[in-house]
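Heads up, the thing below is written out as structure tokens.
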Amino acid sequence: MLAFSSPSLRKALCVVVALVVSACAGPARDPVPEDYPIHGIDVSRWQGDIDWNAVRRGGVYFAWIKSTEGGDHKDPKFEQNWYAAKAAGVPRGAYHFTYWCRPAREQVEWFKQVVPYDPDALPPVLDVEWNGHSKTCPKTIPRAQARAEMRIMLEEMERAYGKRPVIYTDITFFNDVIKDDFEAYPIWVRSIRRYPTSRFDHRNWWFWQYTAVGQVPGIKEKVDRNAFFGTASMWEKFLNGQL
């Protein structure tokens, strides 16, 4: 079982990684994605049919796969990607896109219906962001309400799958809702082209989504690329539940 470290241990690990990155980078500068050795992808129906064996051979270490949205939408490629990624040996986890016009309990129950329990899977991901372009639910909700809805989904995900969920977010939602809260959860941040730490109030992040137009063998369409915060040996410990 994956077990995330305590905040104090996590902070210490981040200091070690920062020192390693700085030493490799030469003169003082913000790290760039290339400074991190472990990279992965996140995918949905928009990547089409994926050759997961080619993805693995192309150096992808992990994948987050869209499973659900709201309380009744399932990504039509989820099952295909879920089983094919595992067969190819790519560690993968499922993510749920939160729909703020649907009760949290309905959403997490839908996620549980769609995503099989697999002890080898990465932790589930709760994707939280405002979706102002939605035709059916472009609204935002008060911070207290959003936090309460998140807690319902996060706690039930952890109970059902036995792993502390990861929170995916962007800078707007982070500042509006997450800042100063949810520090016990691993965070996956979207920060295209810019190093995320200072932008995200120096919150210790686990995964960094650094581009939406990546190219990966086995995927014809553009794909999001992500970096893991630590070294290759730390990634192995993460997979083995030791981090």
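The values are calculated or read from the model by the stated rules, or taken from the named source; none is laboratory data. Note that the structure is predicted; figures quoted are calculated from it, not measured. Positions of Cβ are generated from backbone atoms using ideal geometry, with glycine treated the same way; all protein chains shown enter the neighbour counts. Keep in mind that these areas ignore ligands, DNA and RNA; they rest on the heavy atoms of the full protein, side chains included. Shrake-Rupley method; radii C 1.70, N 1.55, O 1.52, S 1.80 Å.
To the nearest 20 debye, what charge dipole does the range 161-243 have about its Cα centre, counting +1 at the Cβ of each Lys and Arg and -1 at the Cβ of each Asp and Glu?
Its charge dipole is roughly 300 debye.
Counting every Cα pair in the range 80-201, what percent are over 25 Å apart?
Counting pairs separated by more than 25 Å, the tail of P(r) holds 26 percent.
What distance in nm separates the two pseudo spin-label positions at A54 and N175, each 7 Å out from Cα along the beta-carbon direction?
4.0
Quick check on packing: order 229-236, 113-120 by the mean number of other C-beta atoms within 10 Å, highest mean leading. Don't jump to the answer; show the numbers that get you there.
Values: 229-236: 17.0, 113-120: 13.2.
In decreasing order of mean packing, 229-236, 113-120 become 229-236, 113-120.
Taking 8 Å as the Cα distance limit and 6 or more residues as the minimum spacing, I'd like the relative contact order of the chain as a percentage.
Reported relative contact order: 26 percent.
Can you give the % of DSSP beta bridges in the range 125-243 that are antiparallel, to the nearest 5?
Taking every DSSP beta bridge within the range 125-243, about 35 percent pair in antiparallel fashion.
At 222 nm, what value in deg cm²/dmol follows for the chain if DSSP H runs of at least 4 each add -39500 (n - 2.57) and the sum is divided by all its residues, to the nearest 500?
For the chain, the value works out to -9500 deg cm²/dmol.
At 1.4 Å probe size, with the rest of the protein present, what percent of the exposed accessible area of the chain is carbon and sulfur atoms?
The C+S portion of the solvent-accessible surface of the chain is 50 percent.
Per 0.36 nm of contour for each residue apart, how much would the distance between E221 and E34 grow if the chain were fully extended, relative to their Cα-Cα spacing?
65.2 nm
Principal axes first, then extents: for the Cα atoms of the range 170-243, list largest minus smallest coordinate on each axis, whole Å, largest first.
40, 31, 16
Greater than 27 Å separation of Cα atoms is the criterion. Which listed pairs, K74/K163; K74/K179; K139/K220; K86/K222; K86/K135; K77/K112, meet it?
Cα-Cα > 27 Å for K74/K179; K139/K220; K86/K135; rest within.
Which whole-Hz ³J(HN,Hα) couplings does the range 129-135 yield from phi under the Karplus relation 6.51 cos²θ - 1.76 cosθ + 1.60, θ = phi - 60°, glycine and proline marked x?
7, 7, 10, x, 8, 5, 7
Calculate, in nm to one decimal, what K139 and E155 gain on full extension: separation in residues at 0.36 nm each, minus their alpha carbon distance.
3.3 nm
Quick check: the distance between the Cα centres of the range 166-210 and the range 31-97, to the nearest angstrom?
20
Please list, ordered by chain and number, the residues whose modelled amide H lies under 5 Å from the amide H of F182; skip anything fewer than 5 residues away on the same chain.
none
Counting only complete DSSP H runs, which helices of the chain cover 24 Å or more along their long axis at the Cα atoms and score a mean Kyte-Doolittle of 0.5 or above?
Details: long enough: 7-25 (26 Å, 1.74); 143-161 (27 Å, -0.82).
The qualifying helices are 7-25.
From the Cα gyration tensor of the chain, with a ≥ b ≥ c the square roots of its eigenvalues, which class applies: rounded if a/c is under 1.5, or else prolate if a/b is larger than b/c, or else oblate?
Because its axes are fairly even, with a/c under 1.5, the chain counts as rounded.
Points 7 angstrom from Cα along the Cβ direction at R147 and S198: gap in nanometres?
2.8
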